[in-house]
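Everything on this sheet refers to the single structure shown next.
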Amino acid sequence: MDKIEPTFDAPIAGMSLTHELGARPWQSAAQYSNVDEVIQYYIEKFQIEDAEKSLLDVLEMGVPVSIIANTLQLSSVMEGVHSIDTGLLVLPVLMELIMYIGDKNKVKYDSGLKRGNTGVRSSLVARAIKEFKEEKGKEEPVKEEPVKEEPVKEEQVMVEEPKGLMARRTESGI
Amino acid sequence: MINNRAVDMYEKYIKMNFDKPMPKGKGLLTPMKIVKNKEANEQPIQVAHRIFKTLVEARKELNGQN
């Protein structure tokens, strides 16, 4: 039998009560309450050139469309743009919008609609390779070449002969 | 999984069919103003589904062109 393991991914009890009621954006009235307005908000957001470019970059990286849409929706809820309810209603529209942009720009993307997709993600492979390289680097310490010690040449110390009127007389001197 | 909610909603929208005429102003929560004026009582999910369908058709057309 499988043991039921406790999940530590959940929020701590009372975590949401650490601020005054209404201090957080999602605790006050949302900016947009209609589905129409929310969809319009997202369409305007995607029309910004930089936003579209970054979206295409993320799609090319292999991030599924469903995850992008969900993240966008959740972040808007956090910012107080719309409520969770309208966010959920808009979610498929968002997904379709992202896929439309991807198709328009001829970008290959993962829709994330396939269930039970157990294929290994390319990001995981890249991470495994990186970790392997790091471990390999630890196991094989860099061979230190013995440094040949060159004999230090003794410099001939030139002793300056005292000059001047007050100088001590030397044997060869005056 | 995080994305299950999005996938669930997407599949729900694909299966949904609002082509049948919906009863107008028959629900318990329908405001009297709408019932009296016989206005179209389109629910938020219907609005979202209408836009979703338009987008699906637009994408199909786009892929058909390519």
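Worth a mention:
- Selection of GluC sites (Glu not before Pro), segment A:1-102, meeting DSSP coil and at most 14 other Cβ within 10 Å: A:GLU20
- Buried solvent-accessible surface, both chains (B, A), 1.4 Å probe, Å² to nearest 100: 2300 Å²
- Qualifying trypsin sites (Lys or Arg not before Pro) in segment A:1-103, DSSP loop, other Cβ atoms within 10 Å at most 12: A:LYS3
- Kirkwood estimate for segment A:1-120, i.e. one over the average of 1/r between Cα atoms, Å: 16.5 Å
- Loop-located chymotrypsin sites (Phe, Trp or Tyr not before Pro) in segment A:1-103 whose Cβ has at most 16 other Cβ within 10 Å (DSSP): A:PHE8
- With Cα atoms as the point set, the radius of gyration and Dmax of segment A:26-68 evaluate to 13.2, 36 Å.
The values are calculated or read from the model by the stated rules, or taken from the named source; none is laboratory data. Predicted model only: the values in this text are computed from it and were never measured. No Cβ is skipped: glycine too gets one built from the backbone with ideal geometry, and neighbour counts run over all protein chains shown. Ligands, DNA and RNA are stripped out before the accessible areas are found, and what is left, the full protein with its side chains, is counted by its heavy atoms. Shrake-Rupley method; radii C 1.70, N 1.55, O 1.52, S 1.80 Å.
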